[in-house]
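Read through the structure below, which is laid out as structure tokens, and then see the notes.
The values are calculated or read from the model by the stated rules, or taken from the named source; none is laboratory data. Predicted model, so just to flag it, every value in this text is computed and none were measured. So basically every Cβ, Gly included, is an ideal-geometry build from the backbone, and we count neighbours across all protein chains shown.
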Amino acid sequence: MAINWFKYAAPSSFYGLAGKLVPWFAWPAAILFCVGIYIGFFVAPTDAVQSEAYRIIFIHVPASILSMFIYLIMAGYAALGLIFNTRLSSMMATSLAPTGALFAFISLWTGALWGKPMWGAWWVWDARLTSELILLFLYLGFISLQASIEDPRRADRAGALLAIVGSVNVPIIYFSVKWWNTLHQGSTVKLSGTSMHISMQQAMFTMFAALWLYAIAISLLRVRSIILERERNSQWVTEIVEMKQ
Amino acid sequence: MNWLGFFEMKGYAWYIWGSYGVTLLIIMVEILLVVHKRKVVLQQLRLIRDAEIKE
């Protein structure tokens, strides 16, 4: 069976597909979020060193990883749009930015609330924290740069350049705890394994999956509005079901 | 189960509920904004269409 993979590169067909996909990501996200909270608070034991405070990890680590991952996906889409001039890829980049920025903020916020009881400071100018703050500024820069340019195609290209250059920061965040002597601890979960209790791992991975699915659902929902706004002069927009009233 | 003790989180209540509370708030506000944005865009499209029909 021949499948035309490029069919969904057209905003008109992707609009419908995205609409169908949203609930398939949103509901599992909501269920996994509740399961993750349950395991994180009622199954995972109290930590020997950090007592109950460590439970912030179940939000902090997934949000931090996703803030970096979403940035790379965003930069990848933006680069595709820049190179192949595909409108939909640029729209996906625009759609991912606010969610990425919120995850970067959640990472910094939960980090501050964890740092205060453990390190005695809300904030330190440590390599990990500083590079994550720069990530938040890169997201905000991308959003405001695009918002300041009226012509969407020019906004796409300008944003893409910023996103691509800024992606250098992601490996810096990731390796900062190895390259520099940071107050922030090293990675708890490595490819070689982890010292975490099994139920702590389950809670963290469940929350990670929940936030990942949430990010996909909300970006698909947001990109539908972006598609409609940008394609409003196309014939297909006047023919969608939502316009039949 | 002792719920009061649970919420106290051995003295870390503000830090833990501050983390989870703000995260939940951010997610809920984002959902509301995205849903609202969609309504506004569709409304604008209908207004433009109706204006064109009148012409």
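Values computed for the structure shown
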read-out: Failed item, numbered, when A:ILE37 is tested on (1) surrounded by fewer than 20 Cβ atoms within 10 Å (Cβ to Cβ); (2) of a type in the set (Val, Ile, Thr); (3) under 20 Å from A:ALA158 (Cβ atoms); (4) at pLDDT 95 or above; value: (3)
read-out: Lone unmet requirement of (1) more than 12 Å from chain B (Cβ to nearest Cβ); (2) within 17 Å of A:LEU211 (Cβ to Cβ); (3) buried (at least 22 other Cβ atoms within 10 Å of the Cβ) for A:LEU136; value: (3)
read-out: Out of A:LEU96, A:LEU32, sole residue that is at pLDDT 95 or above, part of a helix (DSSP H, G or I) and farther than 30 Å from A:LYS7 by Cβ; value: A:LEU32
read-out: For A:SER187: the one exception among (1) farther than 30 Å from A:ILE39 by Cα; (2) among the small types (Gly, Ala, Ser); (3) free of Cβ contacts under 8 Å to residues at least 60 places away in the same chain; value: (1)
read-out: Positions within region A:174-226 being among the β-branched types (Val, Ile, Thr) and either outside any helix (DSSP H, G or I) or at pLDDT 95 or above (or both), in sequence order; value: A:THR182, A:THR188, A:VAL189, A:THR194, A:THR206, A:ILE216, A:ILE218, A:VAL223, A:ILE226
read-out: Tally, over region A:194-245, of residues that are free of Cβ contacts under 8 Å to residues at least 24 places away in the same chain, closer than 25 Å to A:MET91 by Cα and within 19 Å of the chain's Cα centre (by Cα); value: 1
read-out: Residues satisfying the stated conditions in region A:159-173, i.e. assigned to a helix (DSSP H, G or I) and either of a type in the set (Asp, Glu) or buried (at least 16 other Cβ atoms within 10 Å of the Cβ) (or both); value: A:GLY159, A:ALA160, A:LEU162, A:ALA163, A:GLY166, A:ASN169, A:VAL170, A:ILE172, A:ILE173
read-out: Search result, residues across region A:215-237 that are small (Gly, Ala, Ser), buried (at least 16 other Cβ atoms within 10 Å of the Cβ) and more than 7 Å from chain B (Cβ to nearest Cβ); value: A:ALA215, A:ALA217, A:SER219
read-out: Scan of region B:17-45 for residues that are of a type outside the set (A, V, I, L, M) and either surrounded by fewer than 13 Cβ atoms within 10 Å (Cβ to Cβ) or within 26 Å of A:ALA104 (Cβ to Cβ) (or both), ordered by number; value: B:TRP17, B:GLY18, B:SER19, B:TYR20, B:GLY21, B:THR23, B:GLU30, B:HIS36, B:LYS37, B:ARG38, B:LYS39, B:GLN43
read-out: Selected residue [farther than 19 Å from A:ASN169 by Cβ and buried (at least 18 other Cβ atoms within 10 Å of the Cβ)] from A:MET91, A:MET68; value: A:MET91
read-out: Only listed residue being in contact with a Ser or Thr (Cβ under 8 Å, 6 or more places away or on another chain) and within 14 Å of chain B (Cβ to nearest Cβ), chosen from A:THR110, A:THR94; value: A:THR110
read-out: Qualifying residue in region A:42-61 (condition: aliphatic (A, V, I, L, M), more than 9 Å from chain B (Cβ to nearest Cβ) and within 13 Å of the chain's Cα centre (by Cα)); value: yes
read-out: Hey, B:ALA13 more than 9 Å from chain A (Cβ to nearest Cβ) and among the small types (Gly, Ala, Ser) or not; value: no
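Table: residues versus (1) in contact with a helix residue (DSSP H, G or I) (Cβ under 8 Å, 6 or more places away or on another chain); (2) facing chain A (nearest Cβ under 8 Å); (3) in a helix (DSSP H, G or I).
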site: B:GLY5; (1), (2), (3): no, no, yes
site: B:MET9; (1), (2), (3): yes, yes, yes
site: B:TRP17; (1), (2), (3): yes, no, yes
site: B:THR23; (1), (2), (3): yes, yes, yes
site: B:VAL29; (1), (2), (3): no, no, yes
site: B:LYS37; (1), (2), (3): yes, yes, yes
site: B:LEU42; (1), (2), (3): yes, yes, yes
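Residue-by-condition table, conditions (1) of a type in the set (A, V, I, L, M); (2) free of Cβ contacts under 8 Å to residues at least 24 places away in the same chain:
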residue	(1), (2)
A:ALA10	yes, no
A:SER13	no, yes
A:ALA18	yes, no
A:TYR38	no, yes
A:VAL43	yes, no
A:ALA48	yes, yes
A:SER51	no, yes
A:ARG55	no, yes
